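*Asks:* Sharing a structure, written as structure tokens. Questions coming.
Derivation of every value follows stated rules applied to the coordinates shown; laboratory data play no part. No experiment lies behind these values; they were computed from the predicted model shown.
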Amino acid sequence: MVREITSDEVKRHHDRRSAWIIIHNDVYDVTSFLGEHPGGEESLLEFAGKDGTKGFEDVGHSQDAREMLVKYKIGTLPACEITKKVHSCSNCCLTPKRSVDSQKSWRSFDGPPRRIRIHPCERRRPPPPPSSSKLKWAVIALAGAIVIGFALKKYLS
């Protein structure tokens, strides 16, 4: 059975002597890992006694680091304190998703874009830059004008 640990209890473990961190609603005692952490103990102590989920995910930890968490887990938050889970891309998004626009050729029109399910990772990203199809046509027009210019020059001289 998993031990339930309240966030109030976690708050009492916020220094080098005892450092507990909440990550994805699970509680970890990282006191013995402080000296071994590749990012230095300060990065762990910053979240000691607090929820460090966002900080953990923002750094982009490897799958090995996620597996290491298992040996430091000491409990989980009670159901009444569970917060919304922060999505972890390393678990499901190993390759970037291509948008519908990037799958179309600039030479053809395949009709209106299909409705696609947007992955949670995609929702957090800023919107893609405007379609560059106008730029492509401008480059083609410029290239055509240059070719016509050379042909006229040769013809007129």
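*Asks:* Once you have the Cα-Cα distance between D58 and I146, take 0.36 nm times their residue separation minus that, and quote the gain in nm to one decimal.
*Replies:* 26.8 nm
*Asks:* Separate question: Would you please report the Å³ per residue occupied by the convex hull of the alpha carbon atoms in the range 7-90?
*Replies:* In the range 7-90, the Cα hull volume divided by residue count equals 86 Å³.
*Asks:* Pop out the ³J(HN,Hα) list for the range 9-16 in order, Karplus 6.51 cos²θ - 1.76 cosθ + 1.60 with θ = phi - 60°, rounded to Hz; leave Gly and Pro as x.
*Replies:* With the stated coefficients, the range 9-16 comes to 5, 4, 4, 6, 10, 10, 9, 4 Hz.
*Asks:* Given H placed on each backbone N at 1.01 Å, which residues far from G75 in sequence or on other chains put an amide H within less than 5 Å of it?
*Replies:* Residues meeting the amide H criterion: V27.
*Asks:* So what J values fall out for the range 137-147 if you push phi through Karplus, 6.51 cos²θ - 1.76 cosθ + 1.60 with θ = phi - 60°, rounded to Hz, Gly and Pro as x?
*Replies:* The phi angles translate into 5, 5, 5, 5, 5, 5, 4, x, 5, 5, 4 Hz.
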